[in-house]
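Here is the structure we will look at, set down as structure tokens.
The values are calculated or read from the model by the stated rules, or taken from the named source; none is laboratory data. Quantities reported herein were computed from a predicted structural model and do not represent experimental measurements. Virtual Cβ from ideal backbone geometry, glycine too; neighbours counted across all protein chains shown.
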Amino acid sequence: MVKIIKCSPADLVPLRTLAIKTFVDTYEAFNTPEVMAGYLEDAFSEEQLSRELRHPESEFFALEANGLWLGYIKLNEGDAQTDERSGRVLEIERIYVDGAQQGRGYGKLLLETAIDRAREKGKDAIWLGVWEHNPKAIRFYQSQGFVKVGTHIFRIGGEDQNDWVMEKKV
């Protein structure tokens, strides 16, 4: 049975393992080894993830089944958001499902968790950035009611890449 767990600092190791695996699986083919190494060091070091897990305006949730972590989502509000947004909004900074587990509705389950948290916190919308060259993810978000409302720069290993900013009213 799949369950959603709210991550705590005690979950650093499995979260870090899954975060690195899913990021590499998703983006390794599109970036040089140097760019990937730089990003992984910056974004997923034990120190960085520990800070994020302890940040009062960030939350991580993981999908777990029989001790196996299948996917995770990171939510930000207030100053933890990666881009300034007006209004009462919640950011989905990261949402990943292990490649072997995709197509089973787990991404939608994680998204529903974000929507529930946004409603619980009195938010009007949720938003995220998605790489402009990731049509599979863009189609998924569009199918879930997200619309493109702008763009922003996503810095990966010293390089700038363009993300679509997509939003969904809750």
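How many of the residues in segment 146-170 are without any contact (Cβ under 8 Å) to a residue 24 or more places away in the chain and not in a strand (DSSP E or B)? Please lay out each step first, then the result.
Of the residues in segment 146-170, the ones without any contact (Cβ under 8 Å) to a residue 24 or more places away in the chain are 146-151, 153, 155, 160.
Filter once more, so that each one left must be not in a strand (DSSP E or B): 146.
Number satisfying all stated conditions: 1.
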Worksheet item: Is it the case that some residue within segment 114-122 is under 14 Å from the mean Cα position of the chain (by Cα) and under 24 Å from Lys6 (Cβ atoms)?
Response: yes
Fill in: Residue that is modelled with the highest pLDDT, among those in segment 129-152 that are farther than 16 Å from Phe30 by Cβ and among the basic types (Lys, Arg)
Lys148
Practice prompt. Please verify whether segment 106-115 includes one or more residues that are more than 25 Å from His152 (Cα to Cα) and surrounded by fewer than 13 Cβ atoms within 10 Å (Cβ to Cβ).
Written response: no
Fill in: Whichever residue in segment 65-79 is more than 19 Å from Lys121 (Cα to Cα) and surrounded by 18 or more Cβ atoms within 10 Å (Cβ to Cβ) and, among such residues, is nearest to the chain's Cα centre (by Cα)
Tyr72
Practice prompt. Please go through segment 21-49 and pick out each residue that is among the polar types (S, T, N, Q) and surrounded by 14 or more Cβ atoms within 10 Å (Cβ to Cβ).
Written response: Thr22, Thr26, Asn31
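With segment 1-118 as the region, which helices (runs of 4 or more DSSP H) entirely inside it contain at least 2 residues that are closer than 22 Å to Asn134 by Cα and either touching a Gly at 6+ places or on another chain (Cβ under 6 Å) or among the small types (Gly, Ala, Ser) (or both)? Please lay out each step first, then the result.
Details: elements: 12-27, 33-44, 46-54.
By residue number, 12-27, 33-44.
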Practice prompt. Could you list all residues from segment 11-38 that are touching a helix residue (DSSP H, G or I) at 6+ places or on another chain (Cβ under 9 Å) and free of Cβ contacts under 8 Å to residues at least 24 places away in the same chain?
Written response: Val13, Val24, Glu28
Discussion item. Looking at segment 150-161, can you tell me whether even one residue there is surrounded by fewer than 19 Cβ atoms within 10 Å (Cβ to Cβ), under 15 Å from the mean Cα position of the chain (by Cα) and either of a type outside the set (D, E, K, R) or over 21 Å from Ser58 (Cα atoms) (or both)?
Written reply: yes
